[in-house]
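Colleague: Okay, here's the structure, questions in a sec.
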Amino acid sequence: MPTVPPRPKHNARAAILSSASRIFNEKGFHGTSIGDIQEDAGIQRGTLYFHFKSKEDLALAVLEDFFTEVARGLDSAFSAAASPGSLFLALASVRDQAVADGCRSGCLLGGFGQELSSTQESSRMRMRELFELLVSSVERFLPAKGERRDLARLIVSAFHGALIELRVYRDPAVFDRTMSSLRRLLEADGPLA
């Protein structure tokens, strides 16, 4: 009698995180139900609560994973060439990913920041910490002149606005115009390189 190869173990936590990330990114926190995630992840009812105590806890875990990927991409761009030009190329790669998703995805940090900042104070504070880490990551790319921190915050804010526009207009040219305008504004005192 032929033997059936063993089925690989289903990593429920990884499946939940993957499904939740995709669905939260498309529908937002409030538009996503636990049932949506369970169905997409192919898990039984209740399994999600074995791994996460609440939907908000799951959202924060998804956000942590998302931020880890963003930080890895920025670190890679910084290692390649620590210049504002390489920063803008890294930001453009996020745009390319969003376009590949049909302009339906964006930045989970921005989306969750809007949806979850009024729920639990601990969630709001963690998102605030992540925003500050993102600003610090961007600040590293800027020349050591003027108010680098303020410029980094402006870049992060404009980037989030451009991602929102990308979702609303479903037109990459809108994102590109916003980021080009930002770059011209930042280069008013001289090239950023």
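Colleague: Tally Lys and Arg at +1 and Asp and Glu at -1 over the other residues with C-beta under 12 Å from the C-beta of Leu74: what net charge comes out?
Modeller: The answer is -1.
Colleague: Taking only the C-alpha atoms, wrap a convex hull around the stretch 49-139 and report its volume per residue in Å³ as a whole number.
Modeller: Cα convex hull per residue, to the nearest whole number: 106 Å³.
Colleague: Let me check the size of the stretch 13-87 from its C-alpha atoms; what are the radius of gyration and Dmax in Å?
Modeller: Answer for the stretch 13-87, Rg first and Dmax second: 15.4, 48 Å.
Colleague: Grab the chain and count how many Lys pairs have their alpha-carbon atoms under 30 Å apart, sequence gap of 8 or more, or different chains.
Modeller: So the count works out to 5.
Colleague: Modelling each spin label as a point 7 Å along the Cα-to-Cβ direction, I'd like the Glu26/Thr68 distance in nm, to one decimal.
Modeller: The answer from the label model is 2.4 nm.
Colleague: Compute the distribution of all C-alpha to C-alpha distances in the chain, in bins of 5 Å from 0, and list the percent of pairs in each, rounded to whole numbers.
Modeller: 1, 7, 14, 17, 17, 15, 10, 7, 4, 3, 2, 1, 0, 0, 0, 0
Colleague: Convert 4 °C to kelvin, take the viscosity as 1.567 mPa s, use the Kirkwood radius over C-alpha pairs of the stretch 119-193 as Rh, and evaluate the Stokes-Einstein diffusion coefficient in µm²/s, rounded to a whole number.
Modeller: 94 µm²/s
Colleague: Summarise the accessible area of the chain (1.4 Å probe, protein heavy atoms) by the percent that is carbon and sulfur.
Modeller: Result for the chain: 54 percent of the exposed heavy-atom area is carbon or sulfur.
The values are calculated or read from the model by the stated rules, or taken from the named source; none is laboratory data. Computed from a prediction, not measured in an experiment: that's the story for all the values here. Every residue, glycine as well, gets a Cβ built from its backbone with ideal geometry; the counts of neighbours run over all protein chains shown. Please note that ligands, DNA and RNA were not included when accessible areas were found on the heavy atoms of the full protein model with its side chains. Shrake-Rupley method; radii C 1.70, N 1.55, O 1.52, S 1.80 Å.
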